[in-house]
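Colleague: First the structure, which I've put down as structure tokens, then a few questions once you've had a look.
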Amino acid sequence: MDNKARLLMVGALGSGQQRLIESMTDKGWAVSTADTLAQAETRLVEGEHEAGIFCLPDSGIRDLKRVERLVVRSDMEWMALLHEPELDDPLLCRTLGDLFMAYQPEPVDIDQIDCLMQHAVAMKRLRSEEASTVAPQGSEFEMVGTVPAMHKVFDTIRRVASVDAPVFISGESGTGKELAARAIHERSQRASAPFIAVNCGALPSSLIQSELFGHEKGAFTGASQRKIGQIEAAAGGTLFLDEIGDLPLELQVNLLRFLEEKTIQRIGALDEIAVDVRVLSATHVDLEKAVAEGRFREDLYHRLNVLQVNIPPLRERQEDIEILARFFFNKFIEEKSMKVRGFSLEALALMRQYHWPGNIRELINRVRRAMVMCEQRLIKPADLGLERRTSNRLAITLEEARNSAEKEALIGALNRNKHKVKKAADELGVSRVTLYRLMEKHQLGRKGDQRVSLSSN
Ligand SMILES: Nc1ncnc2c1ncn2[C@@H]1O[C@H](COP(=O)(O)OP(=O)(O)O)[C@@H](O)[C@H]1O
Ligand SMILES: [Mg+2]
């Protein structure tokens, strides 16, 4: 190891503890220790560690949940040192299997621990290299993309940001049109002034005029106060008109006038007010078609459409899907269930094949859902809720047939033995460890988990 790797050792292992600390220090580790879980939590906040050793006390662990939280939040690999008899506790075994990369019963073998922990550090360093290429600086409006089509979008955003003309952003729903609009604003000279987004499709036409232009007190029944419209509120900054294709024809006239004269009139006002606002607009509908069909004014279309940004749908950005999925995984890391560490290869493959009608917005929702639903270290296809139906497929592979027979046998034995893992393992003629591994493989939960039923799958 190039620089001293930092090892955190939690818990007390009697007299062996001191010897372990000394030996690991001799082997070049920077060891810090914590006697309690609370101390361990503090150590992790105080400084970066790269691997951990957890010494389970003789008395067992009282607060498994807290151990789980510590291990998962630490974002590094751990091994457990314990006393052989503790392996009789099925709950503990499962937790160990889920949380730790390895365990060692007493008496400890220092060379082996050193070797395992070196692997752990290597794994952590691998992961952090990946993370740093995926998400450089975490701005709230960071736009992620690596494929050529997205490089072109980023180029265009930079170029249109440096001028002050209207920009028309096209793309399917959820592709990032609003995010692109914000990116343009943030890179423009107007960055320190407001960015205001108005969804023209979300308001009835009777309200949208006053929403955009504002009104004077008493301008109409119910106008008990003067209201400043969104155009005026964006003064000096950028107004983003989303779903511009939904703007009613009569309002299109007013908007066109504003774009030409750079003045507005609040409803019920006599005078015109000069307002300096840059207008960006977007829609997911085909605006040219709307023009051809007389639903959208051609003169307004040309006014808005001076510069264009077109954002491709997610399915055309195959190589970005995994990068985006990991980006959102890290972004929502606080919401995830304790164990989950990342995506399984099958889940990534499924995400690449899926056609993403809801684009990035849908990807975000699927990833967040999976992070909450997943009960294992890696997100499986089923956690994403994207799985295409396989029930009407006639041919199954031998492997699928074996798997389903194996799962049925497992469910049967568990049910017959009232979920006593030891007894079910005996009946099946396998060791407890094997049974736990198979339960994990087939996502069979512990007792009380309703997924243990023959109708599942
Ligand atoms: N390239 C991207 N990188 C990261 N997040 C993105 C990207 N594109 C879109 N998003 C996110 O996806 C969601 C949908 O984007 P949005 O701009 O609202 O789409 P649209 O306006 O086209 O419907 C938002 O949460 C946005 O932050
Ligand atoms: Mg939008």
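The values are calculated or read from the model by the stated rules, or taken from the named source; none is laboratory data. None of the values given here were measured: they were computed from a predicted structure. Don't worry about glycine lacking a Cβ; one is built from the backbone with ideal geometry, like all the others, and counts go over all protein chains shown. Each accessible area value is taken on the protein alone, full model and side chains, heavy atoms only, with ligands, DNA and RNA left out. Shrake-Rupley method; radii C 1.70, N 1.55, O 1.52, S 1.80 Å.
Colleague: Quickly run through region 67-89 and pick out the residues that are more than 24 Å from the chain's Cα centre (by Cα) and at pLDDT below 80.
Modeller: Passing the criteria: HIS83, GLU84, PRO85, GLU86, LEU87, ASP88, ASP89.
Colleague: Then there is this: Could you look through region 173-202, keep only residues that are within 16 Å of ligand 2 (Cβ to nearest atom) and open to solvent by 60 Å² or more (accessible area, probe 1.4 Å), and pick out the one that is nearest to the chain's Cα centre (by Cα)?
Modeller: Ranking the candidates gives GLU178 first.
Colleague: Right, something else. How many residues does region 228-240 contain that are without any contact (Cβ under 8 Å) to a residue 60 or more places away in the chain and crowded, with 18+ Cβ neighbours inside 10 Å? It would help to see each step written out before you state the result.
Modeller: Here is the first cut: in region 228-240, the ones without any contact (Cβ under 8 Å) to a residue 60 or more places away in the chain are 228-239.
Narrowing further to those that are crowded, with 18+ Cβ neighbours inside 10 Å: 229-232, 234, 237-239.
Looking only at that region, the number is 8.
Colleague: I'd like to check which helices (runs of 4 or more DSSP H) are fully inside region 355-424 and have at least 2 residues that are out of contact with any Phe, Trp or Tyr (no Cβ under 7 Å at 6 or more places or on another chain) and at pLDDT below 80. Write out each step before concluding.
Modeller: Numbers: elements: 359-373, 381-384, 398-416.
In region 355-424, 398-416 are the helices (runs of 4 or more DSSP H) which contain 2 or more residues that are out of contact with any Phe, Trp or Tyr (no Cβ under 7 Å at 6 or more places or on another chain) and at pLDDT below 80.
Colleague: Does region 340-347 contain at least one residue that is in contact with a helix residue (DSSP H, G or I) (Cβ under 8 Å, 6 or more places away or on another chain), within 23 Å of GLN376 (Cα to Cα) and of a type in the set (Ser, Thr, Tyr)?
Modeller: Yes, because at least one residue in region 340-347 is in contact with a helix residue (DSSP H, G or I) (Cβ under 8 Å, 6 or more places away or on another chain), within 23 Å of GLN376 (Cα to Cα) and of a type in the set (Ser, Thr, Tyr).
Colleague: For region 321-335, give me each residue that is more than 9 Å from the chain's Cα centre (by Cα) and crowded, with 16+ Cβ neighbours inside 10 Å.
Modeller: Correct list: ILE321, GLU322, ILE323.
Colleague: Kindly provide the set of residues from region 203-227 that are open to solvent by 10 Å² or more (accessible area, probe 1.4 Å) and within 37 Å of the chain's Cα centre (by Cα), ordered by number.
Modeller: If the condition is that a residue be open to solvent by 10 Å² or more (accessible area, probe 1.4 Å) and within 37 Å of the chain's Cα centre (by Cα), then LEU203, PRO204, SER205, LEU207, GLU211 are the ones that fit.
Colleague: Further question: Of the residues LEU350, LEU304, LEU363, only one is open to solvent by less than 30 Å² (accessible area, probe 1.4 Å), closer than 30 Å to VAL279 by Cα and not assigned by TED's automatic domain parsing to the domain that holds GLU178; which?
Modeller: Numbers: LEU350 fails: closer than 30 Å to VAL279 by Cα; LEU304 fails: not assigned by TED's automatic domain parsing to the domain that holds GLU178.
Residue meeting the stated conditions: LEU363.
Colleague: Go through region 295-332 residue by residue and tally those that are of a type outside the set (D, E, K, R), part of a helix (DSSP H, G or I) and in contact with a Lys or Arg (Cβ under 9 Å, 6 or more places away or on another chain). Give the steps one after another, and end with the answer.
Modeller: Here is the first cut: in region 295-332, the ones of a type outside the set (D, E, K, R) are 296, 300-302, 304-314, 318, 321, 323-325, 327-330, 332.
This time we only want the ones that are part of a helix (DSSP H, G or I), so: 300-302, 304, 314, 318, 321, 323-325, 327-330.
Filter again for in contact with a Lys or Arg (Cβ under 9 Å, 6 or more places away or on another chain), leaving 318, 321, 324-325, 328-329.
Of the residues in that region, 6 qualify.
Colleague: Do any residues in region 22-37 that are under 10 Å from LEU7 (Cβ atoms) have Cβ atoms under 6 Å from those of residues that are of a type in the set (A, V, I, L, M) and assigned to a helix (DSSP H, G or I), where the two are at least six apart or on different chains, and which pairs are they?
Modeller: Going by the 6 Å Cβ cut-off, the qualifying pairs are VAL31/ILE21; VAL31/MET24.
Colleague: Now for a separate question. For ILE21, are the conditions met, namely being outside the structural domain of PHE329 (by TED's automatic domain parsing), among the β-branched types (Val, Ile, Thr) and within 33 Å of the chain's Cα centre (by Cα)?
Modeller: Values: outside the structural domain of PHE329 (by TED's automatic domain parsing): yes; among the β-branched types (Val, Ile, Thr): yes; within 33 Å of the chain's Cα centre (by Cα): no.
Judged against the criteria, ILE21 is not a match.
Colleague: Suppose we keep only residues that are in contact with a helix residue (DSSP H, G or I) (Cβ under 6 Å, 6 or more places away or on another chain) and over 14 Å from ILE244 (Cα atoms) within region 300-310. Which one would you say is farthest from ligand 2 (Cβ to nearest atom)? Steps first, please.
Modeller: Taking region 300-310 first, the residues in contact with a helix residue (DSSP H, G or I) (Cβ under 6 Å, 6 or more places away or on another chain) are 300-301, 303, 307, 309.
Among the residues that remain, those that are also over 14 Å from ILE244 (Cα atoms) are: 307, 309.
Values: LEU307: 19, VAL309: 14 Å.
Residue satisfying both the conditions and the ranking: LEU307.
Colleague: Still on this structure: So in region 241-258, with the set limited to residues that are open to solvent by 10 Å² or more (accessible area, probe 1.4 Å) and within 39 Å of the chain's Cα centre (by Cα), which one is nearest to ligand 2 (Cβ to nearest atom)?
Modeller: If we take residues in region 241-258 being open to solvent by 10 Å² or more (accessible area, probe 1.4 Å) and within 39 Å of the chain's Cα centre (by Cα), then ASP242 is nearest to ligand 2 (Cβ to nearest atom).
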